[in-house]
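Chemist: Starting off with a structure, shown below.
Computed from the coordinates by the stated procedures, all read-outs in this text should not be read as laboratory data. Just so it is clear, the structure is predicted and the values come from calculations on it, not from any experiment. Here Cβ is always computed from backbone atoms with ideal geometry, including for glycine, and neighbour counts include all displayed protein chains.
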Amino acid sequence: MKNRKLHSILLLLFATVLFTACDNREEELQKELEELKAEKMQMEQQLTGKDSSLQEFIHTFNEIQENIKAIKERENIVNVNVSDGENDATAKEQVAKDLQWINQLLEENKKKINYLASKLKKSNNKLNKANKQIEELNKFIENLTAQIQEKDAQIAELQQRLLQSDEELKFLFEQYNQRVAELDSTVQELNKAYYCIGTYKELKDNGVLTKEGGFIGLGKIAKLKDDFNKDYFTELNIEEENVIPLMVKEVKIVTTHPQDSYELDTDGETVKAIKITDPKRFWSVSKYLVIQVVKV
């Protein structure tokens, strides 16, 4: 029983430690998950910021388109002027200005296209990297979530085992308390003893003593009756009460008790008490003590 109780207690302690460790690990995982989610949100915000860059791309592209449109319109004007055979200085100067303006627009478009191509390349690289990081982050979050769910299942199982252990431990404690109560009752019963004090007449009249033996009524000896009156006796605890007060002239121990297990406290004229010096031996023969006295 003791081993089983100890085993249950150790199991409970182990389960408590394991549960605490799992609980701490779960908190760490939850914290890590929240940090990763925050990082993911930040990256998604960065991607949202890419929308403004895309708007810039579209705006620049539209500017290029407008430039191309303007160039085509100006080309038509130059072609008309040339077809009409205008050779005067003013027409030539205007054509030269138009061509110069067209070249400037073309150069401007070229720079804008190069700028867009460079920025788009960088954005694509960042976007690809961000997409890859988000993909990896999502996978990591999925794995982490699965681990947390697994830990939740383990914790639930552990809690069930702890509940069972609690029930088992409760049963063991009930059994233990019952055994302790039974043992206390047994010890109390074993520690009970009984005594009575009186003259021969008092003890005889109360159904404790009788006289037997002798010859023709002579030499009879007082002894304990076979069916003596137990109600006349006083109960005591042999571990706590080792002195029985008397204050009488003479004392005779009727029941059987080892002589070296007690002594009489007397001043020469009066027997004050019986002192039991070795309770275990004194009560080993009989748990009933009959003290016949001659009163002062």
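Chemist: If the limit is 19 Å between Cα atoms, which of K252/K280; K201/K275; K211/K249; K225/K287; K204/K295 go over it?
Modeler: Working: K252/K280 21 Å; K201/K275 25 Å; K211/K249 22 Å; K225/K287 15 Å; K204/K295 16 Å.
Among K252/K280; K201/K275; K211/K249; K225/K287; K204/K295, the Cα-Cα distance tops 19 Å for K252/K280; K201/K275; K211/K249.
Chemist: Give the long-range amide H neighbours of L289: residues separated by 5 or more places, or on another chain, with amide H under 5 Å away, using H modelled in the peptide plane at 1.01 Å from N.
Modeler: Y194, Y195, C196
Chemist: Would you kindly derive the ³J(HN,Hα) couplings of the range 198-203 from the backbone phi angles with the Karplus curve 6.51 cos²θ - 1.76 cosθ + 1.60 (θ = phi - 60°), listing them in order in whole Hz, with x for Gly and Pro?
Modeler: x, 6, 4, 4, 4, 5
Chemist: Ranked by Cβ crowding within 10 angstrom, fewest neighbours first, how are F233, F171 ordered? Intermediate results must be reported in sequence, preceding the final value.
Modeler: Numbers: F233 19, F171 11.
The order, fewest Cβ neighbours first, is F171, F233.
Chemist: Please list the non-local residues whose amide H lies under 5 Å from the amide H of A273, H modeled 1.01 Å from N, same-chain partners needing a gap of 5 or more.
Modeler: Answer set, sorted by chain and number: L246, M247, D265.
Chemist: Restricting attention to the alpha-carbon atoms of the range 221-271, what are Rg (one decimal) and Dmax (integer), both in Å?
Modeler: 13.1, 36
Chemist: Next question, about the same structure. Over the range 247-292, what per residue volume does the convex hull of the Cα atoms give, in whole Å³?
Modeler: Numbers: hull volume 3.0 nm³, N = 46.
Here the figure is 66 Å³ per residue.
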